[in-house]
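Working notes for the structure below.
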Amino acid sequence: MNDFVKTRLNPVLDSVPYYKTIVDPSVNSIDTKKIRNSFLTFRTSSKSASLEGLNVDYTVIDELDRVPAQSVQSAQNSMSSSSFKILRRFSTPSAPNVGIHDLYMHSDQMEWLHKCEHCGYWNLLSYDDYVDDGTDKGGNIKLINPDGIDTKGRTVQPGTFQFVCRKCGKLLNRWYDGTYVARYPSRTQDLGGTRGYRISQMDAVWISADKLKADELNAKSKQSFYNYNLGMPYADIKLQVTPSDITDNARFPERIKDRA
């Protein structure tokens with residue numbers, strides 16, 4: 001938390017003259033800042049007690065999947081007397097139906113779609129390979145140059161892969177033809193549900209398909225690539241532990257009642 005404020009926030013507040021005029025110098029520490037007539041407070045979420053006693057209107061929790069449940073509850077309780085109660089939660093996903101993914105699955109699920117300028121098809125980008133069969137069953141990654149992949153050196157030459165429309169296979173313009181569309185708009189129509197957004201590096205226009213493929217070659221695990229690059233949850237079935245894994249490998253078939 002200290003590093004974040006020192007290296008990312010303070011340099012911005014200190015370098016922009018306008019910001020200097022609205023930040024109160026008498027209340028300008030690492031954990032608390034006064035901006036006009038409001039207070040901006042930073043707390044670590046590793047301990048729920050650090051969030052207790054705060055009276056806030058707007059709470060932002062970063063990396064939700066790594067925040068203890070007690071800390072999240074404490075943060076929500078700190079807004080009990082507020083008339084705004086604005087809560088924002090961000091995170092890189094981890095496993096399916098856990099943390100931010102579970103929250104997203106119960107939201108209206110806003111997804112960033114790209115409209116193909118050639119055929120008009122709306123693409124929800126998929127990392128699967130493009131299939132040239134006239135349907136949209138494949139993905140948006142098309143191999144252009146098979147010789148551009150060096151699996152030994154774990155490199156990908158520029159122009160080896162392209163983002164294409166999964167329907168017509170033509171080059172997809174990711175710059176200007178995108179918009180968010182809710183999969184379940186009814187969940188927030190009465191303002192009582194949760195608005196959820198999903199985005200991945202495939203939607204980042206400065207990251208090419210070649211860069212993603214190179215990152216996949218150099219990823220330490222499939223889960224890290226799916227979580228951090230594709231923004232998708234992932235669970236390796238081989239690493240899951242089931243109740244039978246415990247009972248089948250118990251050292252004592254009969255219950256031991258003393259430590260001897």
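The values are calculated or read from the model by the stated rules, or taken from the named source; none is laboratory data. In this text the structure is predicted, and so the values were computed from the model without any measurement. Using ideal geometry, Cβ is built from the backbone for each residue, glycine included, and neighbour counts are taken over all protein chains shown. Accessible surface areas use protein heavy atoms only, side chains included; no ligands, DNA or RNA. Shrake-Rupley method; radii C 1.70, N 1.55, O 1.52, S 1.80 Å.
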(request) State yes or no: is Phe39 within 30 Å of Thr188 (Cβ to Cβ), open to solvent by 40 Å² or more (accessible area, probe 1.4 Å) and part of a strand (DSSP E or B)? (result) yes
(message) Under 6 Å between Cβ atoms, which residue pairs at least 6 apart in sequence (or on different chains) link something in the range 213-242 that is farther than 25 Å from Met110 by Cβ with a partner that is not in a helix (DSSP H, G or I)?
(response) Lys213/Val156; Lys213/Phe161; Ala214/Val156; Leu217/Arg154; Asn218/Arg154
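Restricting to the range 173-206, name every residue that is over 22 Å from Leu103 (Cα atoms) and crowded, with 16+ Cβ neighbours inside 10 Å. So that I can check it myself, show each step before the final result.
Taking the range 173-206 first, the residues over 22 Å from Leu103 (Cα atoms) are 173-178, 204-206.
Across the range 173-206, the qualifying residues are Asn173, Arg174, Gly178.
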(request) Go through (1) outside any loop (DSSP other than H, G, I, E, B); (2) open to solvent by 50 Å² or more (accessible area, probe 1.4 Å); (3) in contact with an Asp or Glu (Cβ under 7 Å, 6 or more places away or on another chain); (4) within 25 Å of Arg195 (Cβ to Cβ) and name the single condition Lys34 misses. (result) (4)
(message) Let me spell it out: the conditions are (1) at positive phi; (2) touching a residue at least 24 places away in the same chain (Cβ under 8 Å), and Leu191 meets all of them except one. Which number is the exception?
(response) (2)
(request) Residue by residue through the range 138-167, note down the ones that are surrounded by 12 or more Cβ atoms within 10 Å (Cβ to Cβ) and part of a loop (DSSP other than H, G, I, E, B). (result) Gly138, Gly139, Asn140, Ile144, Asn145, Arg154, Gln157, Gly159, Thr160, Cys165, Arg166, Lys167
(request) Could you list all residues from the range 194-210 that are in contact (Cβ under 8 Å) with a residue 40 or more places away in the chain and closer than 30 Å to Val156 by Cβ? (result) Tyr197, Arg198, Ile199, Ser200, Met202, Asp203, Ser208, Ala209, Asp210
(message) Given the options Asp14, Asp102, name the one that is in a helix (DSSP H, G or I) and under 25 Å from Ser200 (Cα atoms).
(response) Asp102
(request) Could you list, in sequence order, all residues of the range 112-135 that are of a type outside the set (A, V, I, L, M) and buried (at least 18 other Cβ atoms within 10 Å of the Cβ)? (result) Trp112, His114, Cys116, Asn123, Tyr127, Tyr130
(request) Return the pairs, sorted by first residue and then second, in which the second residue is assigned to a loop (DSSP other than H, G, I, E, B) and of a type outside the set (Lys, Arg), the first residue lies in the range 33-45 and is within 21 Å of Tyr18 (Cβ to Cβ), the beta carbons are less than 9 Å apart, and the residues are 6+ apart or on different chains. (result) Lys33/Phe42; Ser38/Asp57; Phe39/Val56
(message) Quick check on my filter: what residues within the range 50-79 are open to solvent by 50 Å² or more (accessible area, probe 1.4 Å), in a helix (DSSP H, G or I) and either more than 29 Å from Ser224 (Cβ to Cβ) or out of contact with any Ser or Thr (no Cβ under 7 Å at 6 or more places or on another chain) (or both)?
(response) Arg66, Ala69, Gln73, Gln76, Asn77
